[in-house]
Amino acid sequence: MKFFVDTADITELRSLVETGLVDGVTTNPTLIAHARRQFEEVLTEICAIVSGPVSAEVTAIDLEGMLAEGRHLAKISSNVVIKVPLTVEGLKACHILAQEGTPVNVTLCFSAAQALLAAKAGAAYISPFIGRLDDVGELGMTLIHQIVEIYDNYPDFKTEILAASIRSPLHVVEAAQAGADVATIPPKIFRQLYNHPLTDKGVASFLSDWQKTGQTIGRD
Ligand code: E4P
């Protein structure tokens, strides 16, 4: 499973990239607003830090606007993936951009039918939003299972399933169990994946016992 970081915060991103576990980045207009920086400047920096796919979302809602913004953003770096919403205009834009050779991430997916359409439109990624479905009383993870089952039936579909709107480490684990190709993870949840109180306790206890031996490794 590939791990993307869901952020436009350069400091957070740099620190997570140091783990060697980051395969890509996703951004959205809300994350850019939180960063309080110029979109294209942040996007350029992110693309220099991460060599993997970096999703940049269009804000136009009409086809011509999406195409113009998508083509413009795609010129910023060869690893930019254009993010479009799962509307009919977004699907049309996806189809055209994909045919031009630009990878597209179709976002705001809330149903298996929508995911089927995105694959037919040639999306490189489909982003089902797990947390936001949970928020309205549906099981977000069920959607991941449905999309995995559908895409597995059609080997011609090359669309990768990108589990989005991740709210907990359990979401990441369950998305991996379901067979999602990618999880895009907020920095806080990313850190929760490797932090565990029993690991910290175990390290402290091993260290304390080791100090009692008076030994050092490789320095005797
Ligand atoms: C995905 O690409 C989105 O940026 C993100 O996962 C949305 O998550 P949220 O529901 O926590 O805003």
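Summary of computed values
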{"quantity": "Kirkwood-type radius of segment 1-117, with distances r between different C-alpha atoms, in Å", "calculated": "14.5"}
{"quantity": "Efficiency of FRET between Arg219 and Arg14 - r from beta-carbon atoms, R0 45 angstrom, step 0.05", "calculated": "0.90"}
{"quantity": "For segment 66-220, with +1 on Lys and Arg beta carbons and -1 on Asp and Glu, the positive-most of Tyr154, Leu198, Gly122 along the dipole", "calculated": "Leu198"}
{"quantity": "Which of Leu91, Leu63 has the fewest Cβ neighbours within 10 Å, and the rest in rising order", "calculated": "Leu63, Leu91"}
{"quantity": "Net lengthening on full extension, Asp23/Val203 (0.36 nm per residue, minus Cα-Cα)", "calculated": "62.0 nm"}
{"quantity": "Cα centroid separation, segment 166-220 to segment 52-73 (Å)", "calculated": "37"}
{"quantity": "Crossing angle, helix 140-153 versus the chain [Cα axis fit, 0-90 degrees, rounded to tens]", "calculated": "70"}
{"quantity": "Check: the chain dipole with +1 on Lys, Arg Cβ and -1 on Asp, Glu Cβ, in debye", "calculated": "400"}
{"quantity": "Nearest 10 degrees, 0 to 90: helix 169-178 Cα axis against the chain principal axis", "calculated": "60"}
{"quantity": "Rounded if a/c under 1.5, otherwise prolate or oblate - the chain, Cα gyration tensor axes", "calculated": "prolate"}
{"quantity": "Estimated [θ] at 222 nm from DSSP helical runs (n ≥ 4, -39500 (n - 2.57)) normalised by residues in the chain, nearest 500", "calculated": "-15500 deg cm²/dmol"}
{"quantity": "Distance-filtered residues of segment 119-162 - backbone nitrogen under 14 Å, label point 7 angstrom along His95 Cα→Cβ", "calculated": "119-123"}
{"quantity": "Alpha carbon centroid spacing (whole Å) that separates segment 98-136 from segment 75-92", "calculated": "11"}
{"quantity": "Full-extension gain in nm, Glu64 to Thr87, via 0.36 nm per residue minus C-alpha separation", "calculated": "6.9 nm"}
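Laboratory data are not the source of any read-out in this text; all were calculated from the coordinates shown. Being a predicted model, the structure only gives us computed values, none of them experimental. A quick note on method: Cβ atoms are made from the backbone with ideal geometry, for glycine too, and the neighbour counts reach across all protein chains shown.
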